[in-house]
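Undergrad: Once you've had a glance at the structure underneath, I'll fire off some questions.
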Amino acid sequence: MKILVDENMPYARDLFSRLGEVTAVPGRPIPVAQLADADALMVRSVTKVNESLLAGKPIKFVGTATAGTDHVDEAWLKQAGIGFSAAPGCNAIAVVEYVFSSLLMLAERDGFSLHDRTVGIVGVGNVGRRLQARLEALGIKTLPLRSASR
């Protein structure tokens, strides 16, 4: 199996080499000629994955190393019978830790206790739920705001 991976995906060769031949390619743009004999494509958000990129190519699977999928035409992949996987939550813990440490820095800098505050959380998805759980575990009140579309 020939697997094309975005050259900016660290450890991709190590992770996928047991599955087949791994070739690193520029993600912006992917050289179309290299898609001609590839079985799988691993991308980041800089690569637009759609019919114009993959029509007539032997790609059987596309993976993205991102939580979001705005760069992937999932409906077309499904119609074309191409498998797809994303990485929802892949950065959730890092984002929660960043937000949490930022709150601690602000509290120290401005001389207040988070225990006496209520933290508003806009969006209670993967990241928001994790942040809410950590804050509440420390006795910090939260005010979660869910998306109107849910």
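Undergrad: For Cα pairs less than 8 Å apart in space and 6+ apart in sequence, what is the mean separation divided by the residue count of the chain, i.e. the relative contact order in percent?
TA: Relative CO of the chain lands at 15 percent.
Undergrad: Which order results if Lys141, Lys57 are arranged by neighbouring Cβ count within 10 Å, fewest first?
TA: Lys141, Lys57
Undergrad: So what are the ³J(HN,Hα) numbers for the range 19-26, from phi and the Karplus equation (6.51, -1.76, 1.60; θ = phi - 60°), rounded to whole Hz, Gly and Pro as x?
TA: Each residue's phi maps through the Karplus curve to give 8, x, 7, 9, 10, 7, 9, x Hz.
Undergrad: Could you give the nm distance between label points at Ala33 and Arg129, where each point is 7 Å from its Cα heading toward the beta carbon?
TA: Between Ala33 and Arg129, the simple spin-label model gives 4.7 nm.
Undergrad: For the range 92-145, calculate the relative contact order in percent as a whole number, restricting contacts to Cα pairs under 8 Å that are 6 or more residues apart.
TA: Result for the range 92-145 is 40 percent.
Undergrad: Let me ask something else about it. Count the lysine pairs in the chain whose Cα atoms lie under 18 Å apart, taking only pairs 8 or more positions apart in sequence or on different chains.
TA: Values: Lys2/Lys57; Lys2/Lys60; Lys48/Lys57; Lys48/Lys60; Lys48/Lys78; Lys57/Lys78; Lys60/Lys78.
Close lysine pairs found across the chain: 7.
Undergrad: Work out the length of the dipole vector of the chain about its Cα centre, built from +1 on the beta-carbon of each Lys and Arg and -1 on the beta-carbon of each Asp and Glu, and round it to the nearest 20 debye.
TA: Dipole of the chain, to the nearest 20 debye: 320 debye.
Undergrad: A further question follows. Find how much the distance from Arg109 to Val122 grows on full extension, using 0.36 nm per residue of separation minus their present alpha carbon separation; answer in nm with one decimal.
TA: Gain on stretching Arg109 to Val122: 2.3 nm.
Undergrad: Once both axes come from the Cα atoms, what is the angle between helix 126-137 and the longest principal axis of the chain, in degrees from 0 to 90, rounded to 10?
TA: Taking the Cα atoms of the chain, the angle to 126-137 is about 30 degrees.
Undergrad: Oh, and also: Projected onto the charge dipole of the chain (+1 at Lys/Arg Cβ, -1 at Asp/Glu Cβ, origin at the Cα centre), which of Leu53, Met9, His115 gives the Cα projection farthest towards the positive end?
TA: Sorting the options by dipole projection puts first His115.
Undergrad: Which far-off residues, 5 or more places away or on another chain, put their amide H under 5 Å from the one on Ala24, with H placed in the peptide plane?
TA: Val5
Undergrad: Post the alpha-carbon centroid distance, the range 112-150 to the range 31-51, in whole angstrom.
TA: Taking the Cα centre of each part, the range 112-150 and the range 31-51 sit 38 Å apart.
Undergrad: Assuming R0 = 22 Å, can you tell me the calculated FRET efficiency for the pair Val95 and Lys141, based on Cβ-Cβ distance, to the nearest 0.05?
TA: 0.60
Undergrad: Same structure, new question: Whole-Hz ³J(HN,Hα) for each residue in the range 140-145, computed from phi via Karplus 6.51 cos²θ - 1.76 cosθ + 1.60 with θ = phi - 60°, x for glycine and proline: what do you get?
TA: Those phi angles translate into 8, 6, 10, 10, x, 10 Hz.
Bear in mind these aren't lab numbers, they're just calculated from the coordinates by the rules spelled out. Every value quoted in this text rests on a predicted model; they were computed, and no experiment measured them. Ideal geometry is used to build each Cβ from the backbone, glycine not excepted, and the neighbour counts take in all protein chains shown.
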